[in-house]
Amino acid sequence: YVAAVYEHESILSPAPAVPVERRAALELMGRNLDIYEQQVLAAARQGADIIVFPEDGIHGFNFTRSSIYPYLDFIPHSHSGKWNPCREPYLYNDTEVVQRLSCMALQNKIFLVANLGTKQPCERWEPRCPPDGRFQFNTNVALGADGALLATYRKHNLYFESAFDTPAQPDHALFDTPFAGRFGMFTCFDILFYEPAVSLIRQYNLKQIVYPTAWMNQLPLLSAVEFQQAFSTAFNVNILAANIHHPTLGMTGSGIYTPVKSFIYHNMESYGGKLIVAEIPVITADYKTNLEKTPGRVSEKGEGKEQSPPSFYAEMMYDNFTFVPLWGEKGELQVCANSLCCYLNYQKAVLTDELYALGVFDGLHTVHGTYYVQACALVKCGGLSFSTCGQEVTDATALIDFQLWGNMSTPYIFPLLLTSGITLDFADHMGWKNNHYFLSKNRTSAGLLTAALYGRWYEKD
């Protein structure tokens, strides 16, 4: 099928904390929706079956609970029967935004997924009803090619979004299409948690995911395109990921991902939006990925080993990693923390004076969210001193053949492989063998930035 995602440079309110009238809010959102309209038309002309827009693309961000209120549409939560906002605009008040989205889908005969703010009145006696008598949600809507509202999803894992509420139970949002079967959807920070992302995919055996996001890149392990790709590979799903484009805030990185090929956009230099359109295969349940392949032979440890290099500590992703440096053009390294040991066999195909290190972290990550991580990471350091390992690096020249493995305690491993200029590569082999997870690659297509096993131990969050 043909998929489209749009990385949108949203027109933002100059003073989001200042309350405005609904009319002014609609005027600002209308300017963003004008751009959406052009992009839906462009995607439809290229034969797209579905288009996905980013999180916060229509209203922006940095609101307070009260200042976002005029920007919110009312949307009945999915179980209240069929509704076509474009054809039945009179059914509910305050639905101008979803009406416009619905009409875009209908006029272009395309499935459309977008993110907007919504409100739901509640009675003060209801449990969890906020003092102002309403719930406010960060919401995705999926609209059919006839404009009908197919599904709504209210974001569960909020990321410093004081304007919004968390729904009492995680939504499992699904919709069916004639071209690729069933899709699931979730938003941004959700991708790092079991609920609803993992449980949704596992419970319904989903193979297609739509993913609006407003992601601030954080190298070396959580760049948008890097993690989107890893998620697609780990779960053997197609992901249609749309990010917003604000390079000054570190926000870029969208793509259409399959487990074996990706079409990505990452641009920190220029401004303006970007439409990505690509034809991708429908993954069926028995589609085999390179996750099934067994890795090559692991060399036996300890045959005439030289002195192993010293280990050192450095901060990476706000966590205290234990590292060992890669000295020499080839070697076998091991580094451990708590119950996790990481191993690396490597050979530098091109010798450079860059410093690389193998790092391990096994613990609770506590900055900008709390979640348990088990990571084995081969990274290029920011300079030549140990203290620069873990810094954000975007360019590298060293080509390294490697086999990386670790005795991970969780089955949820995201294989990261990022190359110079924030480009992606695919491993030759990856998967489990003898209670270790392996990732191997001969000759990356560009200089190596990061090769990592990013494990999420959800039970220990």
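The values are calculated or read from the model by the stated rules, or taken from the named source; none is laboratory data. This is a predicted model, so every value here is computed, not measured. Please note: Cβ atoms are built from the backbone with ideal geometry, for glycine as well, and neighbour counts cover all protein chains shown. These area figures cover heavy atoms from the full protein model, side chains too; ligands, DNA and RNA do not enter into them. Shrake-Rupley method; radii C 1.70, N 1.55, O 1.52, S 1.80 Å.
The requirement of being closer than 25 Å to Glu195 by Cα and modelled with pLDDT of 95 or more is satisfied by Thr410.
Determine whether Phe164 is over 23 Å from Asn108 (Cβ atoms) and either in a helix (DSSP H, G or I) or modelled with pLDDT of 95 or more (or both).
On the way: over 23 Å from Asn108 (Cβ atoms): yes; either in a helix (DSSP H, G or I) or modelled with pLDDT of 95 or more (or both): yes.
So Phe164 passes the test.
Remark: pairs (first residue in the stretch 358-387, more than 15 Å from Tyr318 (Cα to Cα); second residue modelled with pLDDT of 95 or more and aromatic (Phe, Trp, Tyr); Cβ separation under 6 Å; 6+ apart in sequence or on different chains) = Lys380/Tyr356; Phe386/Phe312.
Give Asp362, Asp319 a once-over and let me know the one that is within 24 Å of Met430 (Cα to Cα) and either out of contact with any Gly (no Cβ under 9 Å at 6 or more places or on another chain) or assigned by the TED database to the domain that holds Pro411 (or both). Full working, then the answer.
On the way: Asp319 fails: within 24 Å of Met430 (Cα to Cα).
The conditions single out Asp362.
Only one of the listed residues (Tyr458, Tyr454) is touching a strand residue (DSSP E or B) at 6+ places or on another chain (Cβ under 6 Å), touching a residue at least 60 places away in the same chain (Cβ under 8 Å) and either surrounded by fewer than 23 Cβ atoms within 10 Å (Cβ to Cβ) or not assigned by the TED database to the domain that holds Ala197 (or both). That residue is Tyr454. If the condition is being hydroxyl-bearing (Ser, Thr, Tyr) and either over 24 Å from the mean Cα position of the chain (by Cα) or open to solvent by less than 10 Å² (accessible area, probe 1.4 Å) (or both), then the stretch 331-370 contributes Ser339, Tyr343, Tyr346, Thr352, Tyr356.
Listed by first and then second residue, the pairs linking a residue in the stretch 265-284 that is under 17 Å from Gly47 (Cα atoms) to a residue that is polar (S, T, N, Q) and in a strand (DSSP E or B), with Cβ atoms under 6 Å apart and 6 or more places separating them unless they lie on different chains, are Ile280/Asn238.
Please work out if Val52 is more than 22 Å from Glu161 (Cβ to Cβ), touching a strand residue (DSSP E or B) at 6+ places or on another chain (Cβ under 7 Å) and of a type outside the set (D, E, K, R). No; evaluated as a whole, the condition is false for this residue. None of Gln99, Gln38 is open to solvent by 60 Å² or more (accessible area, probe 1.4 Å), in the same structural domain as Thr248 (by the TED database) and either aromatic (Phe, Trp, Tyr) or at pLDDT 95 or above (or both) except Gln38. Condition check: within 28 Å of Met216 (Cβ to Cβ), in the same structural domain as Met251 (by the TED database) and modelled with pLDDT of 95 or more. Does Arg87 satisfy that? Criteria not met by Arg87.
Just name the residue that is surrounded by the most Cβ atoms within 10 Å (Cβ to Cβ) out of those in the stretch 315-330 that are in a strand (DSSP E or B) and among the aliphatic types (A, V, I, L, M). Step through it out loud before you land on a result.
So in the stretch 315-330, the residues in a strand (DSSP E or B) come out as 315-316, 319-325, 330.
Adding the requirement that they be among the aliphatic types (A, V, I, L, M) leaves 316, 324.
Working: Met316: 23, Val324: 21.
Top of the filtered list is Met316.
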